[in-house]
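Asks: Supplied in structure tokens, the structure appears directly below.
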Amino acid sequence: MNKLVLITGAGRGIGLEIATILAQKGYDLALITKSSESADVLRQNNTFMQGKTSIWQVDVADKQNIQSFIQSWNQPLWGIVNNAGVVQTMTLMQTGIDPWEQILHTNLDAPYLLVKGLLPYITHPGRIVNISSQLGKEGRAGYSAYCASKFGLIGMTKCWAKELGQVGVTVNAVCPGWVETEMSGQDIQRMAQEHQMTPEEYYHAICQPLELKRFNSTEEVAHLVAFLLSEEASGITGRDWLMQTIWNEE
């Protein structure tokens, strides 16, 4: 196949699953992760064969880190998957360290800088997939920074699709709701405690309005991303793919 795809936030969760599915489909991969520990784990993962996968330790919240990475890049890219993201809650009434800049740098600035810097290397045709969120389409109390970043990512997706369509580069966003990850498990624990419920009771309450009555799996998200990266998705661009009905915490 010899198609190279760059994935940010590839050390765990959705990013790791996307990398795994794409490796199984024969793509060459460039995997970006923040920590040296997760980079070492990726190197030891037999799914990612030497010669077909490169591992990069980059803090995408740091603009200088991103610029250094871009300056070292010299290979054609079939696709970029902007998956890295952070979430932290804070309402307007709360005090303390405000997560706004960290969240916006990671979730919104990094995709912009990476795509702009690596655009000369993206093939024609090519693919860009941005991992947004259901909270890129619906606000939730306490999530101002996260929602702003994910709404913004959908906006950039639609702009880039119009800018790059003429050269055959498609740009789409995937908007997962609740997904079975370590991060979502921690959220369930925290919110269950706030609502004086058990985690099992709170999970059930969240799932009731959903069509599938359960969270999506990381594999389901990864397969949608893999489709949008494929030749078969050549006519799809500028779309934001919500995976299940929006559930909004009151």
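The values are calculated or read from the model by the stated rules, or taken from the named source; none is laboratory data. Since this is a predicted model, take the numbers as computed values, not measurements. Cβ atoms come from the backbone with ideal geometry, glycine included; neighbour counts cover every protein chain shown.
Asks: Inspect segment 115-128 for any residue being modelled with pLDDT under 95, assigned by TED's automatic domain parsing to the domain that holds L16 and out of contact with any helix residue (DSSP H, G or I) (no Cβ under 6 Å at 6 or more places or on another chain) and give the result as yes or no.
Replies: No, segment 115-128 contains no residue that is modelled with pLDDT under 95, assigned by TED's automatic domain parsing to the domain that holds L16 and out of contact with any helix residue (DSSP H, G or I) (no Cβ under 6 Å at 6 or more places or on another chain).
Asks: So which residues in segment 12-37 are crowded, with 22+ Cβ neighbours inside 10 Å and either under 13 Å from the mean Cα position of the chain (by Cα) or not assigned by TED's automatic domain parsing to the domain that holds I55 (or both), if there are any at all?
Replies: I14, G15, L16, E17, I18, A19, L31, I32, T33 - these are the residues of segment 12-37 that are crowded, with 22+ Cβ neighbours inside 10 Å and either under 13 Å from the mean Cα position of the chain (by Cα) or not assigned by TED's automatic domain parsing to the domain that holds I55 (or both).
Asks: Taking the conditions exactly as written (farther than 20 Å from V225 by Cα, touching a residue at least 60 places away in the same chain (Cβ under 8 Å), assigned to a loop (DSSP other than H, G, I, E, B) and among the polar types (S, T, N, Q)), does Q75 satisfy them or not?
Replies: So Q75 passes the test.
Asks: Still on this model: State all residues of segment 5-28 that are aliphatic (A, V, I, L, M) and within 14 Å of V129 (Cβ to Cβ); if no residue qualifies, say none.
Replies: The answer is V5, L6, I7, A10, I14, I18, A19, I21, L22.
Asks: Still on this structure, I have one more. Within segment 46-64, which residues are among the aliphatic types (A, V, I, L, M) and in contact with a strand residue (DSSP E or B) (Cβ under 6 Å, 6 or more places away or on another chain)?
Replies: Residues satisfying the conditions are I55, V58.
Asks: Considering only residues of segment 78-109 that are assigned to a helix (DSSP H, G or I) and touching a helix residue (DSSP H, G or I) at 6+ places or on another chain (Cβ under 6 Å), which is farthest from A173 (Cα to Cα)?
Replies: Applying the filter and picking the extreme gives W100.
Asks: In segment 1-40, what count of residues is obtained for those that are over 16 Å from T181 (Cβ atoms) and not in a loop (DSSP other than H, G, I, E, B)?
Replies: Selection size over segment 1-40: 15.
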